[in-house]
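Engineer: The structure is given below, and queries will be raised subsequently.
The values are calculated or read from the model by the stated rules, or taken from the named source; none is laboratory data. From a predicted model like this one, the values you see are computed outputs, not experimental measurements. We place every Cβ from the backbone using ideal geometry, glycine too, and count neighbours over all the protein chains shown.
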Amino acid sequence: MVAFARRMNPPENEIPAAVAISALLARTQDVAIALIGGHACTFGLRFDLVIRLRQEPRDAMAHKLHGQLGGHPGMEDSDERLLLGVEYADGRTATNLQSFGFRGIPADHDPEEPSLSPMGGGGGGCSFDQSFWLTPLPPAGPLVVVCAWSAFDISESRTVLDGTAIAEAGSRAVVLWPPSPPWDEEPAKPPEPRVPEGGWFARVNRRDTD
């Protein structure tokens, strides 16, 4: 369960180092998606995804947005969740479709295999925010962020971040004391979403589920 906790949340026994991140991932006439801020720990990065809507969602759509952003959509709208993924400079990939918290960690799991897990989020009106935890830290070189959201007709977009700066920030995190053992429990598995055919998410998800 130590490996499970490491994959799902930032360490509670560390003071992270701030990373200057501000990137507009996608924009249409009705919605904008940006990645802002970063807090690097010794083995991962927490960052915030911000959503800004031109018009306030009506009826049940506001409730659906929370599920689509956090990775827990209902069965009726699982195909409309926001898709987020990263590709390290060495070719390793992770997406919010592959959270180990929902599939379990196999006994032979490689701790250097990346994972991207949704954390807390919220919002209302025309503003919604969602935090993510990426582990391990990326190596030096470009860190590619891929985003798509069929609910708002956003096709796959790619944005390049400075993985070197993120890795350097992680080396400045302060470890306070040894980690406490986590609780022995796992969340339920959500429905599998549909990804754009022939794109980056389709290739990565197919490879990881074969």
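Engineer: Restricting to region 124-148, and then to whatever is buried (at least 23 other Cβ atoms within 10 Å of the Cβ) and among the polar types (S, T, N, Q), can you tell me which residue is modelled with the lowest pLDDT?
Structural biologist: Gln130
Engineer: A further question on this structure: Ser117 - would you say it is within 10 Å of the chain's Cα centre (by Cα), among the small types (Gly, Ala, Ser) and at pLDDT below 95?
Structural biologist: Working: within 10 Å of the chain's Cα centre (by Cα): yes; among the small types (Gly, Ala, Ser): yes; at pLDDT below 95: yes.
Against the criterion (within 10 Å of the chain's Cα centre (by Cα), among the small types (Gly, Ala, Ser) and at pLDDT below 95), Ser117 qualifies.
Engineer: I would also like to ask the following. Among Asp162, Asp210, Asp184, Asp153, which is the only one that is at pLDDT 90 or above and either exposed (fewer than 14 other Cβ atoms within 10 Å of the Cβ) or touching a His at 6+ places or on another chain (Cβ under 7 Å) (or both)?
Structural biologist: The unique qualifying residue is Asp153.
Engineer: Let me ask something else. Look at region 124-175 and say how many of its residues are in a loop (DSSP other than H, G, I, E, B) and over 14 Å from Ile21 (Cβ atoms). Walk me through how you get there before you give the answer.
Structural biologist: Step one: of region 124-175, the residues in a loop (DSSP other than H, G, I, E, B) are 125-126, 136-141, 153, 171-173.
Applying the additional criterion that residues be over 14 Å from Ile21 (Cβ atoms) yields 125-126, 136, 139-141, 153, 171-173.
Looking only at that region, the number is 10.
Engineer: Right, here's the next one. When you check Ala26 against the structure, is it aliphatic (A, V, I, L, M), touching a residue at least 24 places away in the same chain (Cβ under 8 Å) and in contact with a Ser or Thr (Cβ under 8 Å, 6 or more places away or on another chain), yes or no?
Structural biologist: Values: aliphatic (A, V, I, L, M): yes; touching a residue at least 24 places away in the same chain (Cβ under 8 Å): yes; in contact with a Ser or Thr (Cβ under 8 Å, 6 or more places away or on another chain): yes.
Spelling it out, Ala26 is indeed aliphatic (A, V, I, L, M), touching a residue at least 24 places away in the same chain (Cβ under 8 Å) and in contact with a Ser or Thr (Cβ under 8 Å, 6 or more places away or on another chain).
Engineer: In region 1-39, which residues are surrounded by 12 or more Cβ atoms within 10 Å (Cβ to Cβ), within 17 Å of Trp177 (Cα to Cα) and among the aliphatic types (A, V, I, L, M)?
Structural biologist: Ala5, Ile15, Ala17
Engineer: Testing Leu176 on (1) modelled with pLDDT of 95 or more; (2) of a type outside the set (Ser, Thr, Tyr); (3) closer than 23 Å to Glu12 by Cα; (4) surrounded by 20 or more Cβ atoms within 10 Å (Cβ to Cβ), one condition comes back false. Which one is that?
Structural biologist: (4)
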